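A.B. asks: Have a look at the structure that comes next, please.
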Amino acid sequence: DGDTGYGGSANMLRTISALTNAGAAAITIEDQVFPKKCTIAAGDKIRIIDREAATQRVNAAIGARNLYDAKWSRSKSESLTNGPGVWIVARTDCRLAFGFQETIERCLRFENMGADVVYAENLQSFDEYQKLRSKLDPKTITMVAQVQEGKDSVKKIDGENGKPLLTIQEIGDMGFDLALFGVTPLQCVVGSLQKAAGSFLDTGIVGQTTNDRDITLADFESLKKVVGFENLETFENEFPC
């Protein structure tokens, strides 16, 4: 997540090169005023730069990527045969600030500039998603990002704001290529921690009562594998101190 690029052209160059060196496959650049806010949390108070500035920002990201690719190619004495080494994801957050038509215009600009992925945050209806997809070239890679604001994760209308909550299948059926549920895993973790804390307070233990039936406890061996105990033990045995 490259956010806004963190400043002007020099900052954008630094952001793209640093994230590429770190192994990023794609970098998102968006059109909020720096420092940015969570789009969903900010709502209609979101602060957005104008269309020309947004275009310049994405163009700088693409230019930085191309410059990095050229430098890498020369250093390896070979050409890049598989296209860009890192994708630029051009994102607009302008829906609640400037309206849906401006969202379309910005996405079209990003597409024409050669962004590898184009997407718009916080669209407000099924119809808006469908219209945006229809306005873009079918070959353009597009994405839908969602935050499940309501507690009921299967509701078709999310929370009290009437926004659609789309399944991965529905997103694909509308012609989008990628589905991002970036906060959902964290919500699951927080929900499980809250339930576990409640069980400790109520009964003194977790997983022993019918009230805990929706809490899934991983066994300790699985936990060790996920957090890397085996690698740590190998290192400790090889390099004791």
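The values are calculated or read from the model by the stated rules, or taken from the named source; none is laboratory data. This structure is a prediction, so every number in the text was calculated from the model and none was measured. Please note: Cβ atoms are built from the backbone with ideal geometry, for glycine as well, and neighbour counts cover all protein chains shown. Calculation scope for accessible area: heavy atoms of the full protein, side chains included, ligands and nucleic acids excluded. Shrake-Rupley method; radii C 1.70, N 1.55, O 1.52, S 1.80 Å.
A.B. asks: Which whole-Hz couplings ³J(HN,Hα) result when phi for each residue of the stretch 34-49 is put into the Karplus expression 6.51 cos²θ - 1.76 cosθ + 1.60, θ = phi - 60°, listed in order with x for Gly and Pro?
C.D. replies: Rounded to whole hertz, the list is 7, x, 7, 10, 5, 4, 5, 5, 6, x, 7, 8, 4, 9, 10, 6.
A.B. asks: Please compute the length gained on full extension between D3 and K139, using 0.36 nm multiplied by the number of residues separating them and subtracting their Cα-Cα distance.
C.D. replies: Values: separation 136, 0.36 × 136 = 48.96 nm, distance 2.50 nm.
Extra length available between D3 and K139 comes to 46.5 nm.
A.B. asks: Something else about it: With all protein chains present, calculate the accessible area of F239 using a 1.4 Å probe and round the result to the nearest 10 Å².
C.D. replies: 110 Å²
A.B. asks: Give me the log10 of I(q) over I(0) for the stretch 1-60 at q = 0.27 Å⁻¹, as the Debye formula computes it from C-alpha points; what are the numbers?
C.D. replies: Values, matching the q order: -1.14.
A.B. asks: Let me ask another. Hey, can you grab everything whose amide H is under 5 Å from the amide H of K163? Only 5+ residues off in sequence or another chain; H modelled, so Pro and N-termini drop out.
C.D. replies: D158
A.B. asks: Can I ask one more? Given H placed 1.01 Å from N in the peptide plane, which residues other than close sequence neighbours of I141 have an amide H under 5 Å from its amide H?
C.D. replies: V118
A.B. asks: If you average 1/r across every pair of different Cα atoms in the chain and take the reciprocal, what Kirkwood value do you get, in Å?
C.D. replies: 20.8 Å
A.B. asks: In whole Hz, with x marking every Gly and Pro, tabulate ³J(HN,Hα) for the stretch 52-57 from phi via Karplus 6.51 cos²θ - 1.76 cosθ + 1.60, θ = phi - 60°.
C.D. replies: With the stated coefficients, the stretch 52-57 comes to 5, 5, 5, 5, 5, 5 Hz.
A.B. asks: What is the set of long-range amide H partners of I27 at a cut-off below 5 Å, with H atoms built 1.01 Å from backbone N?
C.D. replies: Under 5 Å from the amide H of I27 lie the amide H atoms of W87, I88, V89, each far enough along the sequence or on another chain.
A.B. asks: Using the Cβ atoms and a cut-off under 14 Å, what net charge is assigned to the surroundings of G228, where Lys and Arg are +1 and Asp and Glu are -1?
C.D. replies: With Lys, Arg at +1 and Asp, Glu at -1, the net is -2.
A.B. asks: Per residue of the chain, what 222 nm ellipticity follows from adding -39500 (n - 2.57) for every DSSP H run with n ≥ 4, rounded to the nearest 500?
C.D. replies: About -14500 deg cm²/dmol.
A.B. asks: Further question on the same structure: Given a 1.4 Å probe and every protein chain left where it sits, what share in percent of the accessible area of the chain is carbon and sulfur?
C.D. replies: 55 percent
A.B. asks: Put E170, E149, E221 in order of accessible area, largest first, 1.4 Å probe: what do you get?
C.D. replies: E221, E149, E170
A.B. asks: In Å², and per residue, what accessible area does the chain have when probed at 1.4 Å with the other protein chains present?
C.D. replies: Averaged over the residues of the chain, the accessible area is 61 Å².
A.B. asks: Taking θ as phi - 60°, what are the ³J(HN,Hα) couplings along the stretch 118-129 by the Karplus curve (6.51, -1.76, 1.60), each to the nearest whole Hz, with x for Gly and Pro?
C.D. replies: 10, 7, 10, 7, 6, 5, 10, 7, 4, 4, 5, 4
A.B. asks: Once both labels are modelled 7 Å past Cα along the beta-carbon direction, what's the K225-F239 spacing in nm?
C.D. replies: 2.6 nm
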